[in-house]
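Student: One structure coming up, written as structure tokens, with questions to follow.
Every number here is computed from the coordinates shown, using simple stated rules; none is lab data. This is a predicted model, so every value here is computed, not measured. No Cβ is skipped: glycine too gets one built from the backbone with ideal geometry, and neighbour counts run over all protein chains shown.
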Amino acid sequence: MRRSEFDRAVADEFGGAYGAVVTADLGLSGMGGRTATEAIADGEAPRAVWTALCEAADVPPERRYGVGRLEPRS
């Protein structure tokens, strides 16, 4: 997962404004209590941060994988 895919996944799951709040304010136990914003700034892989964010926010498993990708061009 690229950073741009992470950003799209957050926006799709949480919405633009709320997604910004969630990534900036929610401490992730899977990231040592850091927020998603802090973890990414520290160099954590966006996929690992996305997984930790999904676990912390109780995102159902069916909405965790493959999100954030653009549809293939036709």
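Student: With contacts defined as alpha carbon pairs under 8 Å and 6 or more residues apart, what's the relative contact order of the chain in percent?
Tutor: The normalised contact order for the chain reaches 37 percent.
Student: Also, I was wondering about something else. What does the helix-only formula give at 222 nm for the chain: each DSSP H stretch with n ≥ 4 adding -39500 (n - 2.57), the total divided by the residues, and the result rounded to the nearest 500 deg cm²/dmol?
Tutor: Helices in the chain give a 222 nm mean residue ellipticity of -15500 deg cm²/dmol.
Student: Sticking with this one: Exposure proxy check: PHE14, PHE6 ranked by fewest other beta carbons within 10 Å?
Tutor: So the ranking, lowest neighbour count to highest, is PHE14, PHE6.
Student: Using +1 at the Cβ of each Lys and Arg and -1 at the Cβ of each Asp and Glu in the chain, identify which of PHE14, VAL67, ALA41 lies farthest towards the dipole's positive end.
Tutor: VAL67
Student: Could I ask something else about it? How large is the charge dipole for the stretch 1-73, taken about the Cα centre, if only the Cβ atoms of Lys, Arg (+1) and Asp, Glu (-1) carry charge, to the nearest 20 debye?
Tutor: The dipole magnitude comes to about 280 debye.
Student: Let me ask something else about it. Excluding ILE40 itself, what net charge comes from residues whose Cβ is under 15 Å from its Cβ, given Lys and Arg +1 and Asp and Glu -1?
Tutor: Net charge around ILE40: -1.
Student: What are the extents of the Cα atoms of the chain along their three principal axes, listed from largest to smallest and rounded to whole Å?
Tutor: Dimensions of the chain along the principal axes of its Cα atoms: 41, 23, 23 Å.
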